[in-house]
Amino acid sequence: MTKTTNGKLLSNVPVSKLTLSALNPRQSVDPSEIELLAQSIKACGLIQNLVGFAEGDSIGIVAGGRRLRALQVLQESKDILPNYSVAVRIAASEQQALQWANAENTARKDLNPAEEIKAYRTMKEAGHTPESIAIAFAQTVRHVKGRLRLAGLAQCILEALEAGQITLDLAAAYTVSSDQERQADVFGRLNGNWGGDQPHTIKRNLMDEVGAGSDRRAVFVGREAYEAAGGAIREDLFGEEVYYLDSTLLEQLAIDKLEEARQKLLERGWKWVTANIELPDHTELGGLKRLNAEDVRLSEEQEERREVLIDAENEDRATPEELEELKELSELQFLPDQKNVAGVFVGIGHHGDLRVEKGYVAAEDQAAAIAAGVLKGSQIIAGTSREPESKEYTQALMDDLNAIRTGAMQAALLGDAELAKDIAIFSMITKSYEGDLPCKIQSGTWRNEAEDHGQSLPEELSVADETPIYGDAVAERFAAFRLKSEQEKSTLLTQAVARSFAARIALVSGHVPFVELVADTVNLDARKTWTPNNKFFKRLKSGQLDEVKSYIDGKPVGPEFSNMKKGDKVSCLHGLFNSEADRNGLSSEAKERIANWVPECLKTQYQAPDILEEETQQLAA
């Protein structure tokens with residue numbers, strides 16, 4: 001039986017009479033795809049006809065090879081009979097068949113992911129399960145579930161995905177939060193801006209107070225203990241990343257576990273034990289002396305205990321505490337006389353392991369340690385020099401502070417066209433090492449923004465159009481530029497110079513005189529474009545937070561603040577710097593100190609060159 005549709009002849013051909021033509025462009029396909037397609041045809045029937053032409057006693061299929069293979073799989077499994085009727089559009093010649101085959105494969109286009117999402121969502125709303133949707137679309141169940149998870153995205157994100165403005169990976173990053181309003185807010189802030197094309201930046205903005213499964217606190221506490229304490233978990237699109245939604249609970253559980261370790265060490269005779277999530281850095285250890293453990297023979301009881309622990313370790317049943325005990329029994333030992341005058345720091349390592357640093361003698365105990373013969377007097381060095389403040393910050397925070405200072409400098413330069421012109425000319429006529437003359441007069445910008453750090457920069461400081469132009473386009477662009485007014489040219493030059501200026505922070509190796517001179521010239525004040533917020537304060541140590549509060553109060557902090565948990569200190573300082581209501585009741589002096597406070601490393605370090613005015617005039621000449 002044949003019928004005519006759209007002017008083309010369709011024939012119903014038994015599946016057993018169909019073969020794959022050598023003219024078919026798709027000669028190699030993934031068998032797993034064919035199996036999925038076969039299940040789809042079994043469930044929904046063959047929706048689209050095949051295209052072929054007569055090749056002897058059979059019909060060679062030139063378009064629809066995957067469908068043919070799927071039908072053959074169903075025939076082999078006896079889900080359809082050899083005489084199963086298949087609609088085939090028959091070409092009049094081999095040349096016509098080849099034209100049809102190429103036309104179909106060229107025109108064929110897979111569903112846009114956003115279209116897929118909408119289609120799957122519609123079927124789900126109609127009562128279909130992910131399994132039945134997978135069969136209908138010849139996809140895996142995992143693929144369908146992933147797309148359905150994306151169906152919960154805010155409309156603006158789906159529209160951007162459909163328009164090709166963002167990738168599927170970026171859209172998937174927004175699924176770490178089910179709050180569509182929050183998704184839309186973060187998308188509005190990040191899309192097309194700094195970090196907006198980075199999945200980890202999107203996730204960090206959506207899960208601000210959340211710990212990732214790789215967070216050392218999470219590894220240290222363990223998922224089972226966290227969930228047993230009532231902590232909520234969220235998994236990403238495919239459950240490959242886990243997020244601990246209650247950061248406060250996670251931190252408290254970590255502190256509680258560290259406290260257990262602290263108590264056990266105190267029971268072993270140490271004079272003091274300090275437990276914190278972060279181990280002290282070298283600046284905090286500056287006034288301490290460390291004792292060396294001794295090679296001490298174990299008692300018979302200790303030796304027996306060590307053998308028991310070794311057996312437990314070999315049989316993979318030793319607890320973390322037992323492994324720590326075994327480590328102690330297997331290493332050099334601290335004597336009772338040493339423990340009487342020394343202490344221990346307990347913290348969490350980078351990989352979530354329990355870290356124990358033993359044998360530190362505080363300054364007030366060093367005389368007793370010398371008297372006990374466990375510390376030599378020559379080991380005591382009077383006076384310790386304080387490391388520069390920048391050394392107390394992590395490298396990541398220093399990078400952000402560099403960006404904050406650079407942004408403030410660039411904003412200041414926007415308001416001084418004459419200075420910008422002088423910098424441009426001087427930079428073009430002067431050959432100097434980049435570190436001494438750190439500005440690059442070109443179409444581009446140094447990093448001038450620290451994400452979520454409370455900055456507010458002029459729009460002109462955003463990255464300029466960096467699309468390269470070539471040949472005639474360069475000449476055309478210059479000809480158009482020359483038609484601009486002198487004022488327009490001056491404005492463009494000022495903006496370019498401002499974006500090109502890197503105001504790096506003065507490090508231990510010494511400040512950059514050129515940067516500090518310009519900073520002094522413009523009266524650089526980072527607080528004009530930046531207000532410290534919780535993102536910044538979280539990255540300070542507890543003692544540094546005390547110093548900020550002490551500066552605000554104009555006196556040493558009292559126990560009501562110093563005894564707070566670090567998270568509470570961060571919240572308090574964030575409020576004082578960012579909320580007028582939180583500053584109610586403070587004196588005008590305290591409010592002024594809040595308005596003016598910046599880390600020491602952000603302050604201008606300029607010192608006027610020690611040369612005479614006459615020499616300056618000679619240099620100018």
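The packing ranking, built from the mean of other Cβ atoms within 10 Å per residue, places the peptides 561-572, 245-256 in the order 245-256, 561-572, highest first.
Taking a straight Cα-Cα cut-off under 24 Å and skipping sequence neighbours fewer than 8 places away in the same chain, the lysines within cross-link reach of K489 are K421, K440.
Each reported figure results from applying straightforward, stated rules to the coordinates on display, with no laboratory input. Owing to the predicted nature of the structure, the values given are computational and were not obtained by experimental measurement. A quick note on method: Cβ atoms are made from the backbone with ideal geometry, for glycine too, and the neighbour counts reach across all protein chains shown.
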